[in-house]
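Since the structure comes first, as structure tokens, the remarks are kept for the end.
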Amino acid sequence: MVDESILVSILDSVASMLPSLVGTLIGGGVTLLATRMTIRHQNELEDKKRRLTLKDDWRQYERENLTRLQETIQHSMRANFKCYTQMLEYAATGRNYIEWIIDDNDSEAQRHYLEDILLLSARLPGNDLNDAMTLYREKTHRVTHESHSESQLNAAMNELLIQYAACMALVGERLRRCVGGNE
């Protein structure tokens with residue numbers, strides 16, 4: 001009997017602790033679930049923040065390169081016009097195109113700006129931009145290397161002016177979209 005009373009006493013004490021034990025297990029489970037949900041939510045927020053930061057960094061990179069490209073195209077056109085003016089003066093005097101010697105500084109500035117246009121446009125996405133800049137460089141080449149008479153020189157410069165306007169419009173549009181964030 002002594003054994004039976006010890007057993008009953010143990011079962012009574014376990015039975016009285018059972019609701020507390022079940023409550024503790026349920027409370028622990030709910031806490032673990034809440035912690036897991038909080039951690040997942042924090043991870044999602046951190047991922048979203050990281051994506052936004054990358055997007056902002058890309059937008060800033062693109063904006064800086066587009067601004068530099070726009071300025072470089074402008075400088076390039078000034079250098080092209082200086083070369084064109086010198087060539088036009090030679091053509092007006094009746095000199096053979098082989099004798100049209102452009103000032104070294106102006107020629108070097110033109111080459112430098114065209115090189116920068118190539119590099120800057122290669123950094124930016126979009127075939128339309130790269131195609132427009134390639135066409136601009138080709139039209140510049142026509143002015144300075146393929147024009148052998150005053151009429152060819154003027155025609156090539158008119159084509160270059162049209163392409164210049166198209167390039168500036170394209171870069172301006174891309175820059176406005178980049179600044180406005182409507183990509």
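Every number in this text was worked out from the coordinates using simple rules, so none of it is lab data. From a predicted model like this one, the values you see are computed outputs, not experimental measurements. Because the Cβ atoms are built from the backbone with ideal geometry, glycine has one as well, and the counts that use them run over all protein chains shown.
A compact table of results
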| read-out | value |
| --- | --- |
| In Hz, Karplus ³J(HN,Hα) per residue of the range 124-131 (6.51, -1.76, 1.60; θ = phi - 60°; x = Gly, Pro) | 9, x, x, 5, 4, 5, 4, 5 |
| Derived scalar couplings ³J(HN,Hα) [the range 159-172; Karplus, 6.51 cos²θ - 1.76 cosθ + 1.60; whole Hz; x for Gly, Pro] | 4, 5, 4, 5, 5, 4, 4, 5, 5, 5, 5, 5, 5, x |
| Under Karplus coefficients 6.51, -1.76 and 1.60, residue-wise ³J(HN,Hα) of the range 11-25 in Hz, glycine/proline x | 5, 5, 5, 5, 5, 6, 8, 4, x, 5, 5, 5, x, 5, 4 |
| Over the range 38-176: Rg over Rh, Cα atoms, Kirkwood Rh | 1.23 |
| Segment ILE39-HIS148, length gained on full extension (0.36 nm per residue, minus Cα span) | 32.0 nm |
| Peptides ranked, highest mean first, by Cβ atoms within 10 Å: ranges 68-80, 151-163 | 68-80, 151-163 |
| Nearest-0.05 FRET efficiency for ARG95 and ALA155, computed from C-beta distance (R0 25 Å) | 0.85 |
| Total formal charge among the other residues, if their Cβ is under 9 angstrom from that of GLU159, Lys/Arg +1 and Asp/Glu -1 | +2 |
| Label-point separation, HIS141 to ARG63 (7 Å along Cα→Cβ), nm | 3.5 |
| Computed E for LYS49/ALA165 - FRET, C-beta separation, R0 35 angstrom, nearest 0.05 | 0.25 |
